[in-house]
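The values are calculated or read from the model by the stated rules, or taken from the named source; none is laboratory data. Keep in mind that what you see is a predicted model, and the values were worked out from it rather than measured. With ideal geometry, Cβ positions are generated from the backbone for all residues, glycine too; neighbour counts draw on all protein chains shown.
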């Protein structure tokens, strides 16, 4: 079945450090790929998405590129801030309504 | 307006109580979802409504009863819950049922069952 695998956290970085959170997927067909962020005590917010191979999603300094050949959608940011501390979920929709989420990666950014 | 609202924000209930969670969106979305999220876990899909009809029920126990009175509203009726049902309940909506659609999430209702 379809699945998403994320790197385990927590990830702890200093402010202005470079961030990479790895995400790989398994799916039949051509899924759409998403990164959601969840701040403490809140619901999920869409961070970025890509709907076909080689698309790059970007938002708020975060980027991810849909790599069909490596079935990956790694999240990157060049310079993290304390306010980026949150849980990040990689997800896919392969068809219909059902979103498949990764386990989530908790990010702590220290000042 | 890209907001999904949920009420109440917090709910504490006993195992014999009946309560309801409410979700509302005014984005004209035709698909609405209920998810359950336990601490430090990803959301788990419970139900999906499409055009006000139940489209997906992920084998959820009957003590959870969804209702979609109109295209903007989604309710989740709770009865005879168990302590293990304590979780964050998230509502979401999306435009249609296409696989590219973004789901917009509400802030959630944090439910505690005593």
Which numbered condition residue B:95 fails, given (1) closer than 19 Å to residue A:44 by Cα; (2) at the interface with another protein chain (Cβ under 10 Å from one of its Cβ atoms): (2)
Tell me yes or no: at least one residue of the stretch B:66-79 is within 14 Å of chain A (Cβ to nearest Cβ) and assigned to a loop (DSSP other than H, G, I, E, B). no
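Answer yes or no: is there a residue in the stretch B:58-65 that is out of contact with any helix residue (DSSP H, G or I) (no Cβ under 7 Å at 6 or more places or on another chain), under 29 Å from residue A:86 (Cβ atoms) and within 13 Å of chain A (Cβ to nearest Cβ). Reasoning before the result, please.
First pass over the stretch B:58-65, keeping only residues out of contact with any helix residue (DSSP H, G or I) (no Cβ under 7 Å at 6 or more places or on another chain): B:58-65.
Right, trim to under 29 Å from residue A:86 (Cβ atoms) and you get B:58, B:60, B:64.
Narrowing further to those that are within 13 Å of chain A (Cβ to nearest Cβ): B:58.
The answer is yes; a qualifying residue exists.
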Considering (1) in contact with a helix residue (DSSP H, G or I) (Cβ under 9 Å, 6 or more places away or on another chain); (2) surrounded by fewer than 17 Cβ atoms within 10 Å (Cβ to Cβ); (3) within 11 Å of chain B (Cβ to nearest Cβ), say which one residue A:29 fails and leave the rest. (1)
Every residue from the stretch A:73-111 that is in a strand (DSSP E or B), out of contact with any helix residue (DSSP H, G or I) (no Cβ under 6 Å at 6 or more places or on another chain) and farther than 14 Å from residue A:7 by Cα: A:77, A:86, A:92, A:93, A:99, A:100, A:108, A:110
Taking only the stretch B:18-51 into account, find how many residues are surrounded by fewer than 17 Cβ atoms within 10 Å (Cβ to Cβ) and more than 17 Å from residue B:89 (Cα to Cα). 5
Take the residues in the stretch A:82-107 that are surrounded by fewer than 15 Cβ atoms within 10 Å (Cβ to Cβ) and more than 8 Å from chain B (Cβ to nearest Cβ), then tell me which one is farthest from residue B:44 (Cα to Cα). A:82
Just one of A:49, A:56, A:77 is loosely packed, with under 13 Cβ neighbours inside 10 Å and without any contact (Cβ under 8 Å) to a residue 60 or more places away in the chain; which is it? A:56
Does the stretch B:17-36 contain at least one residue that is touching a helix residue (DSSP H, G or I) at 6+ places or on another chain (Cβ under 9 Å) and either within 13 Å of another protein chain (Cβ to nearest Cβ) or on the phi > 0 side of the Ramachandran plot (or both)? yes
Pick out the one residue from B:86, B:71, B:62 that is surrounded by 15 or more Cβ atoms within 10 Å (Cβ to Cβ) and over 27 Å from residue A:39 (Cα atoms). B:71
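Do we find a residue being within 16 Å of residue B:42 (Cβ to Cβ), at pLDDT 95 or above and in contact with a strand residue (DSSP E or B) (Cβ under 8 Å, 6 or more places away or on another chain) anywhere in the stretch A:43-56? I'd like the intermediate steps shown before the answer.
Of the stretch A:43-56, the ones within 16 Å of residue B:42 (Cβ to Cβ) are A:43-47.
Next, from what is left, pick out any that are at pLDDT 95 or above: A:47.
Of the ones still in play, those that are also in contact with a strand residue (DSSP E or B) (Cβ under 8 Å, 6 or more places away or on another chain) are A:47.
Among the residues of the stretch A:43-56, at least one is within 16 Å of residue B:42 (Cβ to Cβ), at pLDDT 95 or above and in contact with a strand residue (DSSP E or B) (Cβ under 8 Å, 6 or more places away or on another chain), which makes the answer yes.
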Given the conditions (1) over 25 Å from residue B:23 (Cα atoms); (2) over 13 Å from the mean Cα position of the chain (by Cα); (3) exposed (fewer than 13 other Cβ atoms within 10 Å of the Cβ), every one holds for residue A:13 apart from (3)
(1) modelled with pLDDT under 95; (2) away from chain B (no Cβ under 14 Å); (3) surrounded by 21 or more Cβ atoms within 10 Å (Cβ to Cβ): which one isn't true of residue A:68, the others all being true? (3)
